[in-house]
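Here is the structure we will look at.
The values are calculated or read from the model by the stated rules, or taken from the named source; none is laboratory data. From a predicted model like this one, the values you see are computed outputs, not experimental measurements. Note: ideal-geometry Cβ built from the backbone for every residue, glycine included; neighbour counts use all protein chains shown.
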Amino acid sequence: MYIKFWGVRGSVPVPGKDTLFYGGNTTCVEMHTEDNQLMIIDAGTGIRLLGNELLKGKFGKGAGILHLYFTHTHWDHIQGFPFFMPAYVGQRDGNGKRVEGTCNLLNLYGASDVDARLEATLRGQMEHFYFPVDLEYLSARIAFHSIEEKEIQVGKVNVQAKKLNHPNGVLGYRFEENGKTFAFATDCEHPSDGSIDPNLRLLAQNADVLVYDAQYFPEEYNPKEFGKTGLSKIGWGHSTPIEAARVACECGVKKLILTHHDPLHADEQIRKIEEIAQKNFPNSLAAYEGLILEI
Ligand SMILES: [Zn+2]
Ligand SMILES: [Zn+2]
């Protein structure tokens with residue numbers, strides 16, 4: 001599996017000189033599987049640049065097929081979709097019907113009961129109040145799939161989704177192919193009793209790579225615990241590098257990648273978050289735009 005990170009920021013895009021190293025785009029990860037499928041997780045603003053890159057290949061000719069898995073439909077995970085150029089490649093006949101063989105095929109997966117339905121949400125953000133092109137007018141063929149909490153087989157890849165703890169819900173994913181496992185769990189908050197969410201454990205168990213939400217410093221997450229004042233982030237649906245490392249240790253993960261960097265954190269603070277995780281789990285790395293992993 002070839003994995004590339006195109007967006008690693010949480011909540012809102014933050015371009016600027018303080019975020020140059022890790023990047024300011026919101027969540028998007030590209031995966032190429034060994035059976036030659038293109039899979040993508042989330043359509044944060046990072047997907048715009050991925051789309052431009054894809055146009056250089058068969059997606060530029062309307063001959064591409066991809067599988068896009070949504071964790072949930074908060075803005076920072078869908079906002080790049082209207083700017084994903086492969087969705088605009090294709091021809092229509094005189095009756096407005098898509099011409100077979102000229103249109104890319106986008107398979108979009110999401111949970112129907114975690115948020116409002118994926119289709120309704122994507123359609124909503126492209127209504128003319130917000131965006132000039134309606135979802136109907138995209139040239140690509142778009143197929144919506146409800147993934148729920150079951151394992152599905154996509155080519156030779158086993159894909160498993162599980163609900164995690166986040167306001168209005170979120171799905172974490174586990175992708176397995178030829179004995180290699182990639183687990184993705186962003187926008188999730190750890191239980192307050194010190195346990196590990198059993199669903200997260202299922203996703204992360206013995207994963208070659210676990211991507212996990214480490215948005216806050218522990219003292220930002222719960223200032224009181226450190227004798228500090230300030231707004232508590234408990235219940236906001238995100239986690240810390242300490243928790244990330246704990247999950248990685250307890251679940252036998254080989255490599256831990258921290259993601260969903262706080263928009264208030266400059267590069268140097270993200271480096272500190274990485275150090276906190278590394279003290280507890282040495283094989284930790286804070287994700288940055290352009291990071292490539294091969295497992
Ligand atoms: Zn988010
Ligand atoms: Zn969210």
Between a first residue in the range 166-178 that is farther than 24 Å from GLY235 by Cα and assigned to a strand (DSSP E or B) and a second residue that is away from ligand 1 (no atom under 11 Å from the Cβ) and of a type in the set (Val, Ile, Thr), which pairs have beta carbons less than 6 Å apart while being 6 or more apart in sequence or on different chains? PHE175/VAL157; PHE175/VAL159; GLU177/THR33; GLU177/VAL157
Checking the structure you have, find out if any residue of the range 210-228 is in contact with a strand residue (DSSP E or B) (Cβ under 7 Å, 6 or more places away or on another chain), surrounded by 24 or more Cβ atoms within 10 Å (Cβ to Cβ) and among the charged types (D, E, K, R). yes
Can GLY46 be described as within 16 Å of ligand 2 (Cβ to nearest atom), in contact with a Lys or Arg (Cβ under 9 Å, 6 or more places away or on another chain), over 21 Å from GLY169 (Cβ atoms) and among the small types (Gly, Ala, Ser)? yes
Those residues that are among the acidic types (Asp, Glu), surrounded by fewer than 19 Cβ atoms within 10 Å (Cβ to Cβ) and under 19 Å from the mean Cα position of the chain (by Cα), I need them from the range 275-295; list them, please. GLU294
Residue that is farthest from PRO282 (Cα to Cα) [pool: residues in the range 242-267 that are assigned to a loop (DSSP other than H, G, I, E, B), more than 16 Å from ligand 1 (Cβ to nearest atom) and out of contact with any strand residue (DSSP E or B) (no Cβ under 8 Å at 6 or more places or on another chain)]: ALA266
Of the residues in the range 81-139 that are in a loop (DSSP other than H, G, I, E, B) and polar (S, T, N, Q), the one that is modelled with the highest pLDDT is ASN104
I need the full set of residues from the range 179-199 which are over 15 Å from the mean Cα position of the chain (by Cα) and touching a residue at least 12 places away in the same chain (Cβ under 8 Å), in order please. LYS180, THR181, GLU189, HIS190, PRO191, SER192, ILE196, ASP197, ASN199
Just for the range 66-100: of the residues that are within 16 Å of ligand 1 (Cβ to nearest atom) and of a type in the set (Ser, Thr, Tyr), which one is farthest from the chain's Cα centre (by Cα)? THR73
Report, by residue number, each residue of the range 208-261 that is out of contact with any Phe, Trp or Tyr (no Cβ under 7 Å at 6 or more places or on another chain) and basic (Lys, Arg). LYS224, LYS228, ARG246, LYS254, LYS255
Condition first: surrounded by 18 or more Cβ atoms within 10 Å (Cβ to Cβ) and over 19 Å from LYS150 (Cβ atoms). Now tell me which residues in the range 189-206 satisfy that. GLU189, HIS190
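Residue-by-condition table, conditions (1) without any contact (Cβ under 8 Å) to a residue 12 or more places away in the chain; (2) touching a helix residue (DSSP H, G or I) at 6+ places or on another chain (Cβ under 9 Å); (3) buried (at least 21 other Cβ atoms within 10 Å of the Cβ):
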site	(1), (2), (3)
GLN91	no, no, no
GLY94	yes, no, no
VAL99	yes, no, no
ASN104	no, yes, yes
LEU108	no, yes, no
SER112	no, yes, no
ALA120	yes, no, no
ARG123	no, yes, no
HIS128	yes, no, no
